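The values are calculated or read from the model by the stated rules, or taken from the named source; none is laboratory data. None of the values given here were measured: they were computed from a predicted structure. In this analysis, Cβ positions are derived from the backbone assuming ideal geometry, glycine residues included, and neighbour counts consider all displayed protein chains. For the accessible areas, the whole protein counts, side chains as well, though only heavy atoms, and no ligand, DNA or RNA atoms are used. Shrake-Rupley method; radii C 1.70, N 1.55, O 1.52, S 1.80 Å.
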Amino acid sequence: MAWRFKASKYKNAAPIVPKPEACIRDICVGSYQTFGNNIAASAAFMAFNWEHTGSSVAVLPLDDCGRKSKTMPLLHGHTDTVTDLEFSPFHDGLLATASQDCLVKIWHIPEKGLEASLSDPECVFSHKQRRVETVGFHPTADGLLHSTAVGCVMLFDITTQKEIFSNNEHPEVIQSVSWKQDGTILATSCKDKNVRILDPRVGDSPIQMAAESHQSIKDSRVVWLGNQTRILTTGFDAARLRQVIVRDLRNFSVPEKTMELDCSTGILMPLFDPDTNMLFLAGKGDTTINYLEVSDKDPYLTEGLRHTGEQTKGACLVPKRALKVMEGEVNRVLQLTSNMVIPIMYQVPRKTYRDFHSDLYPETTGYKTELTASEWINGVNLPVPKMSLDPAKRELGETPIIPRLGPKPFSSNSGDVSFDKVFAVPVAPGSQENIHNLSSGGTADNGGDTFSAPATVAATAQNKPDLIVEIEIKKPHVDNVSESNVQKTLSTSERRKIFEQTHSESSENSTEGDDKPDAELRRFSAARSSIAERRRLYESRSKSTVEEKSQSPVPLRRELSKVEPLKPQQQQSSLTTPATDIKRISAPEGKLLEERRRNVTSVIDGGTALKKSSTEAAITTTHKRTSTVFGKVSKFRHLKGTPGHKSTHIENLRNLSRQIPGECNGFHANHERVAVPLSGPGGKIAIFDLSRPGRLPDGVIPSLVNGSNIMDFQWDPFDSSRLAVACDDGIVKLWRIPEGGLNEPTNSPERELIAHLDKIYFIRFHPLAEDVLLTASYDMTVKLWDLRTLEEKILLTGHTDQIFDLAWSPCGKLVATVCKDGKLRVYNPRKSETPIREGNGPVGTRGARITWALDGQYIVCTGFDKVSERQISVYNAQKLNAPLNTASLDVSPSILIPFYDEDSSTLFVTGKGDSTIYCYEITDEEPYICPLSHHRCTSLHQGLSFLTKNHCDVASVEFSKAYRLTNTTIEPLSFTVPRIKSELFQDDLFPPTRITWKPTMSADEWFACNDRKPIKLSLQPDGMEALSSIQQVTPAKRIEHAGNGSSGSMTRAEYEKNKQQEIQKSVSARLEYNTKLEQDDMEGVDENEWQED
């Protein structure tokens, strides 16, 4: 029995925890009820669940460290929690994820890691409406994937993207799966308290063995002990004590070893290294990680040093070929906590680490295999060749083994496919090289309607690979352009599909460029090492034409020939004109179209009409500005959000309600008071006067007691002391706030309106008419009320599901709704109870919001896409079939609440629990939604409410003012635009604004269709001079002077340029300056002193 006393080489392996600077910090990880480990690692990357919902996955380099931003690139591929994830043992960039959304997805991680968020997987497998619990790769066959859902085990061939095996003989949920190291059989643990051995290649009955295991229905795990005939399981016994059981297949029904540990509730995740027989048990929710050695004789399990640290959310082992063997590292455990990833290094102490200790590192399983999935399922067994970890036997010495990252193993069988060809960035649209590729590799039929992919893809598509396929572009007939066999330029989205990468920096519109070497546009070349280099490269090859049109806040078109989508006011006139394709077309095609429009005239301020042919327009070209290529230049692009001084805050808020429905903003303010819902029974709303800031006293907060749960509330826009509150009993209560504010709780409203028999979604006051209130209910109806008589006037129908939001148009004639059925609807309440227009809205069902923009010509809608990513879409109010543009933000469960400022056309969006207020400018031309400077707050906010325009401090260039609700405070927030001469009234930022704080008409007038336009008011303070009034030369004189010269009439662009120069000169003239030098007051030297004696 001398073996009992034989010393193990690994018994003193000690866990070494790095400093926090060497860990990945500031990540967001939740607690997930899954059967997975929540983290996986390859020799190049690590992947783990992100955010509290866990529907996204973060992928980082294995050696990464430091703080991480919440806006870093992620995998947005699932609409529900990711239950399991694993890397391929043969491709370090190949990741499989399983989710509660019943899907298994395969991702390819680029060699440099994620440079932008990914949402398009390489392939998808479905479990047909069954939640996927586990996923993993076969240990010996390349491209063979297993996954489980409920009691079903399925095998997929990734290369052919087909299911090759399925078994439904498990009566309960399969909780864990593990392959034997040689890949012949697998073991499963099930919720029915049994463990089973399966051989998928046996036709009649794949289940070979079964035995009773842990006697609790709680989670259990199984792991195969290398190539041995033994398995190890972890779980709970009947007394809910955590257990570890070792079984031998030769006597499967009787446990070989049973070890009881403690009564903790977290499942033990077994991590086993077959080379060293080291076993790590990391319990979910535990602060300790146990290390044991597994032997084939009694005592079977020998406990080693225990690590104690942070609470564990997940854990995994790093592949052996990524270890630091010259530092004595025999294993590395990645511990996932709530905000960190900690690499725990297990080191065997030795006197020196200058030499390679071969006794610690036996040959390990390699990363290359010749066995395919189809061969394996047909009965072929082929072991994976072993490899040595000795640096002297590596090709590159002591440097880490280069991981196998590409090309994709399932992309093509053609030997012509290489990593560069698959992942090369496409050439610039419209360049000569691209046209050459189209002429040589692409073909056009006689009709000119179908075009194939460029030559680089067409060459690889000859053998019809699985993922790199020939893409055809279907285009409608455009006049007779196709008769000239003009080659079409592929759009950016089509190029992205062709090259299967989302990291290329491409523009939305086609441009013309010079010839360029293909190496300059390679993604990993030196020419594309930085954003500045990319801009410089793009700018040097991009050209634009001077457009003859009035100045717009949108940048110049990148291509003269691009046909613009029709604006709402142009659609009526376009009904009698032939249909024109609005898609991107190439430069030759644009010239042909310009020849047909050569006599188009443009009249500027009633001046002489100008005629210019397309040939002249094509010759008049200039180099494009960086701002035109890479984003829009706006007067509000540098807007700044500034919180008010602490003396203006209302502090010591308590008991804020978190149970307000998602359709309610949860916070509403006017210029005198704010309304905040409180938690607890009775539906309480606290009212605070803004004129009395400071710390609230402890004790009971005076509130309005509604008696029922609050669904929504809103201040009357024309009466700052009247508050309307909608309750879940279908009653709207109208409260009158006394002048001194609330001194004690009250439950007596001024009036009550029994609006619906069911719960109310939300309420909306009319923006122009007094005493007109709109209510929307769970009965899917919308009602309009006259608050003076409490009489129902109008009933709107047509919704088929929950109504998310409703918005009045600026003119007060129309309402727009967004519904859970994925539809946008526009109503004219006084003419029809059914919608007059209907279109497709956000596809996500979590929630959505809607608002009008640009004088009611456009509709802005916020919501979620299929992968739960928050997005903002802009629609033409006259045509709702598809959005004009959609901007994606991030993945977050909170609904984006929009606030639109019509004077500046600025859109503010944020969600409950966010710390960032996203700012955009809505325009009437592409790209329709332009990002501005976002405002990041120092703390999370629970609500945001904006005031009317007359309460902005225009003297300080404040164009918008809001109040922000946090967990404990209410603080003002000011949005300003930095200007040099702020003592002047910036009339270019503050046009006359509509008076929305006073009623324009009465309820009777509105219901009788006697509409009135709201009066506009100038915001210029008395005694403050306007910026435009200090011009020395008026525009009329300037144009007349130019007309008398030889240059002829002045274009609008020249006029605007001269106007800006004159304003600059006028401002400079007002500055005080002194040309006198200091030397002028000094006493000089007499002339005779300079004369020599």
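Derived scalar couplings between HN and Hα for the range 205-210 equal 10, x, 6, 8, 9, 8 Hz in order, rounded to whole Hz, by the Karplus curve 6.51 cos²θ - 1.76 cosθ + 1.60 (θ = phi - 60°), x for Gly and Pro.
Here the average projected area of the convex hull drawn through the C-alpha atoms of the range 1-146 stands at 12.0 nm². From the alpha carbon centroid of the range 976-1035 to that of the range 36-62 is 53 Å. All distinct Cα pairs of the range 652-802 go into the 1/r average, and the inverse of that average, the Kirkwood radius, is 15.9 Å.
Neighbours of P842 by Cβ distance under 14 Å: Lys/Arg scored +1, Asp/Glu scored -1, total +2.
Protein heavy-atom surface of the range 635-711, 1.4 angstrom probe: 51% of the accessible area is carbon and sulfur, with nucleic acids and ligands not counted. Summarising the label geometry, the points placed 7 Å from Cα in the beta-carbon direction at C28 and E1056 lie 3.9 nm from one another. Here the simple spin-label model places points 7 Å from the Cα toward Cβ, and for E791 and S388 these points are separated by 9.8 nm. What net charge do the residues around I650 carry, taking every other residue with its C-beta under 15 Å from that of I650, with Lys and Arg at +1 and Asp and Glu at -1? Neighbourhood net charge equals +1.
Residue-normalised convex hull volume from the C-alpha trace of the range 862-985: 125 Å³ per residue. Loop-located trypsin sites (Lys or Arg not before Pro) across the range 328-377 with a Cβ neighbour count of 15 or fewer within 10 Å are R350, K351, R354, K368, with loop assigned by DSSP. Here the range 159-215 has an Rg and Dmax of 12.1, 41 Å, counting Cα atoms alone. The value obtained for the range 949-1030, namely the Cα convex hull volume divided by the number of residues, is 137 Å³ per residue. In terms of the mean number of neighbouring beta-carbon atoms within 10 Å, the peptides 121-133, 1013-1025, 645-657 order highest first as 121-133, 645-657, 1013-1025.
Restricting the range 227-299 to trypsin sites (Lys or Arg not before Pro) that sit in a DSSP loop and have at most 11 other Cβ atoms within 10 Å of their own Cβ leaves K297.
Kindly flag which residue pairs out of K313/K912; K193/K257; K68/K961 have an alpha-carbon separation exceeding 24 Å in this structure. Those over the limit are K313/K912; K68/K961. Using only the C-alpha atoms, the convex hull of the range 78-120 corresponds to 70 Å³ per residue. Find the lysine pairs in the range 751-837 meeting two conditions, Cα atoms under 17 Å apart and a separation of 8 or more places or different chains, and report how many there are. Final tally of qualifying lysine pairs is 8. Backbone amide hydrogens, once placed in the peptide plane, bring F985 within less than 5 Å of E1025, A1026, L1027, excluding anything fewer than 5 places away on its chain. Each Lys or Arg adds one and each Asp or Glu subtracts one; over the other residues with Cβ under 9 Å from the Cβ of G304, this totals 0. Among the GluC sites (Glu not before Pro) in the range 767-849, those located in a DSSP loop and surrounded by at most 16 other Cβ atoms within 10 Å of their own Cβ are E833. Report in % the part of the accessible area of the range 713-802 that belongs to carbon and sulfur, leaving out ligands and nucleic acids; probe 1.4 Å. Roughly 43 percent of what the probe reaches on the range 713-802 is carbon or sulfur.
Scoring 177-188, 87-98 by mean Cβ neighbours within 10 Å over their residues and listing the highest first yields 87-98, 177-188.
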